[in-house]
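Structure first, commentary second.
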Amino acid sequence: MAAITQDRGPDLREPAGWRRTKDRIATLLMVVAFVVVIIPLGFVLFTVIAKGISIISVSFLTSPIPPLFAPASEGGIGPAVLGTLEITGLATIMAVPLGILGAIYLNEYGGRGLLGRLIGFFSDVMTGVPSIIMGLFLFSIWVVHFGFSGFAGALALGCLMLPIVIRSTYEMLRLVPGSLREGSYAVGATKSRVTMTVVLPAALGGIVSGALLAVARAAGETAPLLFTILGGLSTANPNPFSGANIAIPMLIFNNASSPYTGAQARAWGAALTLIALAFILMIAARLITARFSRYSRY
Amino acid sequence: MEQADQNTGNFSEPALQQVQTAQQEAQTARQQEYQKAEPAPGTHVFDTDNVSIFYGSFKAVTGVSLSVYENEITAFIGPSGCGKTTVLRTLNRMNDLVEGARVEGDVQYRGASLYASNVSPTAVRRRIGMVFQKPNPFPKSIYDNVAYGPRINGERNKGRLDEIVERSLRQAALWDEVKDRLKHSGLGLSGGQAQRLCIARTLAVEPDVVLMDEPCSALDPIATGAIEDLMKEIKSEYTIVIVTHNMQQATRVSDRTAFYSVLRDEKSDTRTGVLVEYGRTEQIFEDPADDRTKAYVTGRMG
Amino acid sequence: MSVATRRAGPAIPADPARALSERRPLGDRGFQILALACGLLVLAILVLIATSTSQQAALWFSTEGIKVFAKTWNPAANQFGALPFIYGTAITGAIAVIMAVPVSVGIALLLTQVVPYRWARPIVYVVDLLAVVPSVVWGLWGILVFGPWIQHIYASIGSAVQGVPVLDDLFGPPTSGASFFTCGIILAFMITPIVTSLSREVIATVPAIDREGAYALGATRLEMIRGAVWPHSKGGVTGAVLLGLGRAMGETIAAALVIGSSPTITSHLFAPGYNMPAVIANQFGEASGVWRSGLIGLGVMLFAITIIINIIARGIVDRSARRQRGA
């Protein structure tokens, strides 16, 4: 509020008193909010790195899993690493193509009709379904009939990834300008050709990076695996289609509540491995986005 | 204008009638001369018969009847919103891509109805190509841009594709500028080059007709000139229909011109496009028959 | 520039009508059907989840009848009442939301109203990093590091409020590192990224005109936020909060590790407790018969609750987004 003072022209100072203080406090609170978030994040990352780094080694990542009471110097998490790679890999192979096709349906074919809107809405709802439900679901529908296996776990993770891939792919497809599609139709392409040869390649960078983030999320999930792969292994089971299996998050879960320091140390090492994996995938996703959006600027 | 003349009172009524009759007779005589001088129109490529185009319940264009002839450049001109692009897109079924678009009346291509129930739009578009207002090269290499059409129509042989790409780029007057960087991205070209790339892409599938929707409106005058020269060069092998809001361009390149305008419906406050006049370009610009045409081409409207 | 020699074959079709009337290629129709099938897969999976888990839970429902809502869960005595877990889920969800919402909305406002554009991206990266930490790692840290540390704080508060009427019931002893409250805190950390990012999206759609209008009247930033931003984003932020709540209720592994595994209904927030996903995760391995059916039944309840919350939340968020865009 500018008041004209007699001697030195209009008063353009900031509003004085209580209003200004309230504003300052509000800004301070917002910064505090951010700090409140950084502290536990820093704390967790620091702890994981500090406690995990000493046990990490190539032999740790490849040795068989010792009993819980074994000291930290013995054994490793080899079977769990293999399990995570195989199970997450299988889940990715299943969920990503299906998710991309689902997003293609939503954006190129069905979008505005009732069915399209229903599918889009429930796909978003599905991203909020707790991962434990996916585990119970696959247990009820698969494990009950076919037993525990890495594949059942992959199915559960795939169900988790599917709506995430659909949503992120859909957002990428939407960004492709209509003029590119028109240019393709104009030389006599069918809709499937337009989609596969122009739209998809144009959106590919964003699609891949979205898929990588979904993979990072799936690799860290425990609950879907608890009811589908059984765990309890000490040596690796390289066949995901038959027999119980083990994965890194599950190993951490088993070891976390045990009183033995060796088991806990292995848990920290496994946690560091998991976070490093998620981190690598996240960085790869950002790099791909940056590189590909340079190539296909609109 | 005539009212004002009448009110000068310098001429009596019957004398005025005589002048007007004389003017009309002179115009009819000139039109007959135009028609005598005009070569017999060639093969009909397009015939539209009382075509109206709807978006949902909104009537965008009404009652268009005209014919497009082989190896001629036909221009659609008129103020904005008069439906000339809509009519153009009807000729290669691009309006199918708009939800709720509907065509009434018949559009014939060389005697075959374009909107018959068993007609495949992709077959239509392979023969009737289109270049758009804003150049839209694909985010692929220059080579892949031009080879795109032939590839999706089944051509796999690398040698033949190389030939087609070179021929199309030469026809589009772009070959010399890009022949050393065919693998570079098509997005790195200037506006004029990109539009010529899109023209090359269209020519690569060897269409019968090339439709152009204001192809130069996003380009500078030099690039525009290059494209106009290109049009005149390829006219002997293709039939071209061009929408343009630049009247000078129409006079420079086209053989025939169709002038569209807008009908405003007071009750529903809607504007519907309508074909006002269609004829040889010289006649439309020098001696328009309709007053609305005259107002537009002399710059009083639009 | 002369035109190269013309194409070889005639482009002018001899029989135009026949040339134009090709049938739609099989591959094109097949692709459309395939894409549609993938879309329908989503609906199919949701339906299958509901039916298959309900089927497995049927034994529990039929055995217990209305006693599914009893307040005792004691497998050894064949008692399978779900109330302690429903209570625990509600309590931990509430704690998580009460803590996370002010922080998340604060950060969202910070990012959209305060921080210059250049700094926004790194701050977003940091907040997203919270989401990168897997649930099991939060749980590991919670039970081995955070729990033992905060146990002391609980103990001090507990003894301080002993005897004080309401506060004793809430914060008095018994206290334990693994408790409702610890679980709530950890859940708050975990849902902050999603509530922040959704709130940001909602707040960013407030038209600049409204914000500038408030400034033009001489408002401070706080006043502008209250007058121009908040009315617009109220709905969307509510939706974001609901989504966060749904997320918190469904979070399993972190809860399983830090909640204390004690199926009691108590007002003492620092005491050990239990919630639905945690008991399912912890007890499933050894359960069988009615016990296992009961655990799956808890899953069915959790599914129903989270689906309803998600539908409501998505509806609110979508509607407020549409309203902003002027659709």
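One table, with the values for the structure above:
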{"read-out": "Backbone HN-Hα couplings from phi across the range B:147-157 [Karplus 6.51/-1.76/1.60, Hz, Gly and Pro as x]", "value": "6, 4, x, x, 5, 6, 9, x, 6, 10, 5"}
{"read-out": "For the range C:231-289: Kirkwood Rh in Å [reciprocal of mean 1/r, alpha carbons]", "value": "13.4 Å"}
{"read-out": "Share of Cα-Cα pairs in the range B:35-123 lying beyond 17 Å, as whole percent", "value": "52 percent"}
{"read-out": "Cα-derived Rg over Rh, computed across the range A:122-199 with Rh taken as Kirkwood radius", "value": "1.22"}
{"read-out": "Cβ crowding within 10 Å averaged over residues, with A:179-186, A:226-233, B:19-26 ranked highest first", "value": "A:226-233, A:179-186, B:19-26"}
{"read-out": "Alpha carbon convex hull of the range A:31-117, projected area averaged over orientations, nm²", "value": "11.0 nm²"}
{"read-out": "3J(HN,Hα) from dihedral phi, the range C:249-255, Karplus parametrisation 6.51/-1.76/1.60, rounded to Hz, x for glycine, proline", "value": "5, x, 5, 9, 5, 4, 4"}
{"read-out": "For B:M130, residues with placed amide H under 5 Å, excluding near neighbours", "value": "B:L211"}
{"read-out": "24 Å Cα-Cα reach of B:K134 towards lysines, excluding residues that sit fewer than 8 places from it in its own chain", "value": "A:K191, B:K84, B:K179, B:K183, B:K232, B:K235"}
{"read-out": "Value in Å of the Kirkwood radius, where the range B:116-182 supplies the Cα pairs that are averaged", "value": "13.5 Å"}
{"read-out": "Relative contact order (%) - criterion: Cα under 8 Å, at least six apart; region: chain B", "value": "23 percent"}
{"read-out": "Computed helical MRE - 222 nm, chain C, DSSP H runs ≥ 4 contributing -39500 (n - 2.57), nearest 500", "value": "-23000 deg cm²/dmol"}
{"read-out": "Contact order relative to length of chain C, as percent, for alpha carbon pairs under 8 angstrom and 6 or more apart", "value": "25 percent"}
{"read-out": "Distance cut-off 18 Å, percentage of C-alpha pairs in the range C:119-179 lying past it", "value": "55 percent"}
{"read-out": "Helix axis angle, C:289-325 relative to chain C longest principal axis, alpha carbon, degrees", "value": "50 degrees"}
{"read-out": "Spherically averaged projected area of chain B from its Cα convex hull (nm²)", "value": "19.3 nm²"}
{"read-out": "Between 0 and 90°, nearest 10: helix B:158-171 axis offset from chain B longest Cα axis", "value": "30 degrees"}
{"read-out": "Prolate/oblate/rounded label for chain C (Cα gyration tensor, a/c 1.5)", "value": "oblate"}
{"read-out": "Per-pair calculated FRET efficiency, R0 = 56 Å: C:Y117 and B:D269 via Cβ, rounded to 0.05", "value": "0.85"}
{"read-out": "Three principal axis lengths of the range B:200-290 [C-alpha, angstrom, descending]", "value": "48, 30, 28"}
{"read-out": "Exposure rank, largest accessible area first [C:W73, C:W230; 1.4 Å]", "value": "C:W230, C:W73"}
{"read-out": "Calculated [θ] (222 nm, deg cm²/dmol) that DSSP helices of n ≥ 4 give over chain B, each run adding -39,500 (n - 2.57)", "value": "-12000 deg cm²/dmol"}
{"read-out": "For chain A, alpha-carbon Rg over 2.2 N^0.38 Å", "value": "1.34"}
{"read-out": "Under the span-like rule (Cα at least 18 Å along the axis, Kyte-Doolittle mean at least 0.5), DSSP H helices of chain A", "value": "A:18-53, A:78-104, A:114-127, A:150-175, A:200-219, A:261-295"}
{"read-out": "Largest to smallest accessible area among C:I49, A:I283 [probe 1.4 Å]", "value": "A:I283, C:I49"}
{"read-out": "Charge dipole (debye, nearest 20) of chain A; +1 at Cβ of Lys and Arg, -1 at Cβ of Asp and Glu", "value": "800 debye"}
{"read-out": "DSSP-defined beta bridges in chain B - what % are antiparallel, rounded to 5", "value": "60 percent"}
{"read-out": "Solvent-accessible surface ranking, highest first, for C:Y215, B:Y55, A:Y105 at 1.4 angstrom", "value": "C:Y215, B:Y55, A:Y105"}
{"read-out": "For the range A:223-298, the Rg and Dmax computed from alpha carbons only, in angstrom", "value": "17.6, 57"}
{"read-out": "Residue mean of other protein chain beta carbons inside 10 Å, A:191-204", "value": "4"}
{"read-out": "Net dipole in debye of the protein assembly as shown [+1 Lys, Arg Cβ; -1 Asp, Glu Cβ; about Cα centre; nearest 20]", "value": "1820 debye"}
{"read-out": "C:H268 accessible area, 1.4 Å probe, all protein chains in place, Å² to nearest 10", "value": "40 Å²"}
{"read-out": "Translational D in µm²/s for the range A:173-268 (Stokes-Einstein at 37 °C, 0.692 mPa s, Kirkwood Rh from C-alpha pairs)", "value": "190 µm²/s"}
{"read-out": "Evaluated at q = 0.07, 0.09 Å⁻¹: base-10 log I(q)/I(0), Debye formula over Cα of the protein assembly as shown", "value": "-0.75, -1.02"}
{"read-out": "Spin-label pair C:A160/C:L43, simplified geometry with 7 Å Cα→Cβ offset, distance in nm", "value": "5.7 nm"}
{"read-out": "Number of partner chain Cβ atoms within 10 Å, mean per residue of C:54-63", "value": "1"}
{"read-out": "Per-pair calculated FRET efficiency, R0 = 30 Å: B:D49 and B:E99 via Cβ, rounded to 0.05", "value": "0.75"}
{"read-out": "Rg over Rh, two decimals, the range B:140-224 (C-alpha only, Kirkwood Rh)", "value": "0.96"}
{"read-out": "Residue mean of other protein chain beta carbons inside 10 Å, C:294-301", "value": "3"}
{"read-out": "Dipole of chain A [Lys/Arg +1, Asp/Glu -1 at C-beta], most positive-end residue of A:F60, A:L12, A:G113", "value": "A:L12"}
{"read-out": "FRET efficiency estimate (nearest 0.05) - Cβ-Cβ, B:N118 to C:F69, R0 56 angstrom", "value": "0.30"}
{"read-out": "Ranked packing of C:160-172, C:293-305, B:198-210, most packed first, by mean Cβ within 10 Å", "value": "B:198-210, C:293-305, C:160-172"}
{"read-out": "Amide H contacts under 5 Å for B:G273, placed H, 5+ residues apart", "value": "B:V61, B:T62, B:L263"}
{"read-out": "Area of B:D180 that stays accessible when all protein chains are in place (1.4 Å probe, Å², to 10)", "value": "140 Å²"}
{"read-out": "Accessible area (Å², 1.4 Å probe, nearest 10) - A:V81", "value": "30 Å²"}
{"read-out": "For B:K179, residues with placed amide H under 5 Å, excluding near neighbours", "value": "none"}
{"read-out": "Chain A, relative contact order in percent, only Cα pairs under 8 angstrom and at least six apart counted", "value": "26 percent"}
{"read-out": "The range B:224-234 - phi-based ³J(HN,Hα) in whole Hz, Karplus 6.51/-1.76/1.60, Gly and Pro as x", "value": "4, x, 4, 6, 5, 4, 4, 4, 5, 5, 8"}
{"read-out": "Cα-only Debye scattering, the range C:62-109: base-10 log of I(q)/I(0) at q = 0.14, 0.17 Å⁻¹", "value": "-0.50, -0.59"}
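The values are calculated or read from the model by the stated rules, or taken from the named source; none is laboratory data. Please read all numbers here as calculations on a predicted model, not as lab measurements. Counting neighbours? That spans all protein chains shown, and the Cβs are built from the backbone with ideal geometry, glycine included. When the accessible area is computed, the model is the full protein with side chains, heavy atoms only, and any ligands, DNA or RNA have been set aside. Shrake-Rupley method; radii C 1.70, N 1.55, O 1.52, S 1.80 Å.
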